[in-house]
1. Using 20 Å as the Cα-Cα cut-off, could you pick out the over-long pairs in 180/210; 395/418; 58/271; 131/180; 180/209; 180/278?
2. Taking H as built 1.01 Å from N, whose amide H comes closer than 5 Å to the amide H of residue 159, not counting residues under 5 places away?
3. Relative to the present Cα-Cα distance, how much length would full extension add between residue 418 and residue 49 at 0.36 nm per residue of separation?
4. Distances over 19 Å make up what percent of all Cα-Cα pairs in the range 1-120?
5. Filter the trypsin sites (Lys or Arg not before Pro) in the range 380-433 to those in DSSP coil with at most 14 other Cβ atoms within 10 Å of their Cβ, and list the result.
6. Apply the Karplus curve 6.51 cos²θ - 1.76 cosθ + 1.60, θ = phi - 60°, to the phi angles in the range 372-389 and return the couplings in whole Hz, x for Gly and Pro.
7. Using per-residue counts of other Cβ atoms within 10 Å, averaged over each peptide, order 227-237, 148-158, 192-202, 128-138 from highest down.
8. Name the trypsin sites (Lys or Arg not before Pro) in the range 24-108 that are in a loop by DSSP and that have at most 12 other C-beta atoms within 10 Å, would you?
Amino acid sequence: MFENLQDRLGSILNGLTGRGALSEADVSAALREVRRALLEADVALDVVRSFTDRVREKAVGAEILKSIKPGQMVVKIVHDELIEMLGGEGVGIDLHAAAPVVVMMVGLQGSGKTTTTAKIAHRLSTREKKKVLMASLDTRRPAAQEQLRQLGAQANIDTLPIISGQSPTDIATRAVQAAKLGGHDVVILDTAGRTHIDEPLMVEMADIKKRSNPHEILLVADSLTGQDAVNLARSFDERVGITGLVLTRMDGDGRGGAALSMRAVTGKPIKLIGVGEKMSELEEFHPRRIADRILGMGDIVSLVERAAENIDAEKAAAMAAKMAKGKFDLDDLADQLRQMQKMGGMGGIMGMMPGMAGMKDKMAAAGLDDRLFGRQIAIIQSMTRAERANPDLLKHSRKKRIAAGSGTDAAAINKLLKMHRQMADMMKMMGGKGKGGMMKQMMGGLAGKMGLGGMGGMGGGMPDLSNIDPRQLEALQKQAEAAGLGKPGGGMPGLGGLPGGLSGLGGAKLPGLGGGFPRLPGLPKKK
């Protein structure tokens, strides 16, 4: 969503960091461009004015202009003010109340209220281990109550039995009573929406609020609607009183102005963001991490959290054991490709790595997208077990059969085999003897500098991310910034020495890896 804004701000701030000294005129010219970029991203005018005024006030001080690296100081000021505009610290759903905690969902029709209700219930039941009851109060939209019941069945969440003819306020009362009798920790009320704000809607919301006494009132808004979403939030807050916001479709191609404006305009925290259609694709809103992404500084903490959710600990341990012996077959390669798909694909991962956000366009231009991963997995699945374990068996006749089975050609199979050979060679080197293997040394070096002792375990492979304490993740962000990881062009400490690199991406390398992965297939060669 923030790609255009990220590109614009990145080019403006890179122009400042590349200079040895800055004058007030330089800062003013840069801030004019920042102002234009924010307005083009559909950020509210008064929010833009306030933002640029605060940045200018701090950036034209004598200590900035006379500092050793004035450009980087200005970038830091922009970063800090961006975090402040987004809300400072992240705020989650507040469940500190007597059970059952009532959460009321409000918003216009089509904003994704019902789906978001199910996503929140799924999140609370899986992460917080809460017993949740969902109830649809939408008696106007056809099959709205049935939709929530089916979503509940998919996610294994209790839903209030449907009784036709009841009013929304009666359903709300029955839901709270059913939650008390059923021993539920949380009851989520999915209210009806309209195509626009009108008086009957507001009266209905006020009646439901009075009858159910909700602890949280969450406004669900479509982030693609821009400034209309800001006006919507202001109207609901004035009439009903909201405690927080949930933005849907944050994975879309909107300009991001609503997300940047809503916290500043309403004073209400953005608590959650929807980043996809799947039940699990709902994330907490962390202002610092969003600011890091917008300024191209990456988001290592979210990447680690996403890895912890998607990486199978048992498979990771088995992979680590094989790597320690220097073994890496085509089944292992397929597992790696599937894990990358689960974590958002190559583009999603690159967007969270410091200094790598700009690589996505180069990769797309080179034809390296997630469809390529799908084709490569199809090729591997078209092989026999013996062929996957021993790729040397693949002669011309076998490749012809595999190409027919996977809908590809011999050239695609050869590229895949070449990538596998390079990765297998790297695994042998990383799993070598002496001092516990290179992978163990690298993970140990990273862990030591990040203050995460014990991450270099698991037989010299990747750490068991599922056991990392959430507080360590927050500490990781600060440690990473101190180590240079959160700065444009910063690298991962303790990970030097791997040969190769992402050749074909203009000579760029994964930060701090001194090269990193072998050349990926489908990319143009280095000129």
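Readers should treat all values here as calculations from the given coordinates under stated rules, not as data from a laboratory. All figures in this text were calculated on a predicted structure; none of them were measured in a lab. Here the Cβ positions follow ideal geometry from the backbone for every residue, glycine too, while neighbour counts run over all protein chains shown.
1. Details: 180/210 18 Å; 395/418 14 Å; 58/271 29 Å; 131/180 11 Å; 180/209 18 Å; 180/278 30 Å.
The answer is 58/271; 180/278.
2. Residues meeting the amide H criterion: 134.
3. Extra length from residue 418 to residue 49 when fully extended: 127.4 nm.
4. Numbers: 4185 of 7140 pairs.
I get 59 percent for the Cα pairs in the range 1-120 exceeding 19 Å.
5. Working: sites: 385, 388, 395, 398, 399, 400, 401, 415, 418, 421, 428, 433; in loops: 395, 433.
Hits after loop and neighbour filter: 395, 433.
6. After applying 6.51 cos²θ - 1.76 cosθ + 1.60, I find 4, 4, x, 5, 5, 5, 4, 4, 5, 5, 7, 8, 7, 4, 5, 5, 5, 6 Hz.
7. On the way: 227-237: 19.5, 148-158: 17.8, 192-202: 14.2, 128-138: 21.6.
Averaged packing, sorted descending, gives the order 128-138, 227-237, 148-158, 192-202.
8. Working: sites: 32, 35, 36, 49, 54, 56, 58, 66, 76; in loops: 66.
Hits after loop and neighbour filter: 66.
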